[in-house]
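Since the structure comes first, as structure tokens, the remarks are kept for the end.
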Amino acid sequence: MKSPLLSLPGAVPAEGRDEGVAAHYGDLFREQRALADGNGFVDLSHRGVITVTGDDRLGWLHLLITQHVSDLAPNQATEALILSANGHIEHAMYLVDDGTTVWMHVEPDTQGDLIAYLESMKFFYRVEVADRTGDIAVVHLPAGSIAKTPDGAAVRETPQGRDLFLPRADLEAYAAAHGPAAGILAYEALRVEGHRPRVGFETDHRTIPHELGWIGGAVHLQKGCYRGQETVARVHNLGKPPRRLVFLHLDGSEVHLPGHGTPVRLAADGQEGRQLGFITTSARHHELGPIALALVKRNVAVDAELLAGDTAAAQETVVEP
């Protein structure tokens, strides 16, 4: 959905998966610094919004997702995954229960597939699943923000800040009262700095949660009974994931950032060397310069110098080999 905040001064539309909101409002680094200081907000109104209501909502979701939510306390934020039968990541869900309704936001344009799966698993449970993307918008307030939460809005509060579920009709009025607005590129740069994975960026068709550090965060190891749980338990108890997420400091002299899917190789082998992974997300950070997340083979040495395309890259460990 196209955000009305694209009409704000300086707004430059985002492209690709984040189409529909602003990439930036004219000054990427100023917007990043504002968020890092706890000021402003990010328009995430392109993300899908789903609600689950009914007396059985938490117990029912507990059976389907990777997170322990049967006793989830009201207003306690959590996140969870939906896995395939083989344990590959299909959806990431960012949830909160307000006491009567589970609110969640998901990747843009994925809510239809997720709702179809949830509807297929309702059986006799007393639950109702609804797509609220058309009337509810997500707004992110950074950690440290003192902006007041509008009355009646559901809130996910995490160490990274607050996600508000606002009536879409109130989005422009909220922006006027709580600016400055920051674009999705500033939000993404801070996400990369924080090593936080995102479905569709850090994942491909065979990604399992262990590769991205989602075990313990989005995946609770003391529960079963969800699709893909056998793979999660087997890898955790008996083996290692085939790949691991790394954080990269990129050569700042390069003009262009390596895009999603750019091959990663050992610097010692040059651009003709064997591909060992790929760039998942790259960004320009207001303090760190060009940075990226990448998914590489587990056996790549943690101190190895890498090449992202033709760009030199020094790695930091996110997921231990």
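Over region 179-222, all Cα pairs binned in 10 Å intervals from 0 give whole-percent P(r) values of 23, 44, 24, 8, 1, listed from short to long. Under a model in which nothing but the beta-carbon of Lys, Arg (+1) and Asp, Glu (-1) is charged, region 1-63 shows a dipole of about 40 debye around its Cα centre.
On a per residue basis, the convex hull of the C-alpha atoms belonging to region 249-321 measures out at 83 Å³. Under a model in which nothing but the beta-carbon of Lys, Arg (+1) and Asp, Glu (-1) is charged, the chain shows a dipole of about 640 debye around its Cα centre.
What is the P(r) of the chain, as percent of Cα-Cα pairs per 10 Å bin from 0? Here the calculated profile for the chain is 6, 26, 32, 25, 10, 1. Of the chymotrypsin sites (Phe, Trp or Tyr not before Pro) in region 64-124, the ones in a loop by DSSP (not H, G, I, E or B) with at most 16 other beta carbons within 10 Å are Phe123, Phe124. Kirkwood-type hydrodynamic radius, region 168-284: 17.4 Å, calculated from all non-identical alpha-carbon pairs. Dipole size of region 1-151 about its Cα centre, with +1 on Lys/Arg Cβ and -1 on Asp/Glu Cβ: approximately 180 debye, rounded to the nearest 20. Loop-located GluC sites (Glu not before Pro) across region 8-48 with a Cβ neighbour count of 10 or fewer within 10 Å are Glu15, with loop assigned by DSSP.
Cross-link partners for Lys240 among the aspartates and glutamates, with Cα-Cα distance under 16 Å and sequence neighbours closer than 8 places in the same chain left out: Glu211, Glu230, Glu320. The accessible-area ordering, largest first, of the residues Met121, Met93 stands as Met121, Met93, per a 1.4 angstrom probe.
The values are calculated or read from the model by the stated rules, or taken from the named source; none is laboratory data. Note that the structure is a prediction, hence the values are computed from the model and not measured. Here Cβ is always computed from backbone atoms with ideal geometry, including for glycine, and neighbour counts include all displayed protein chains. The protein model used for the area step is the full one, side chains on, heavy atoms only, and it has no ligands, DNA or RNA in it. Shrake-Rupley method; radii C 1.70, N 1.55, O 1.52, S 1.80 Å.
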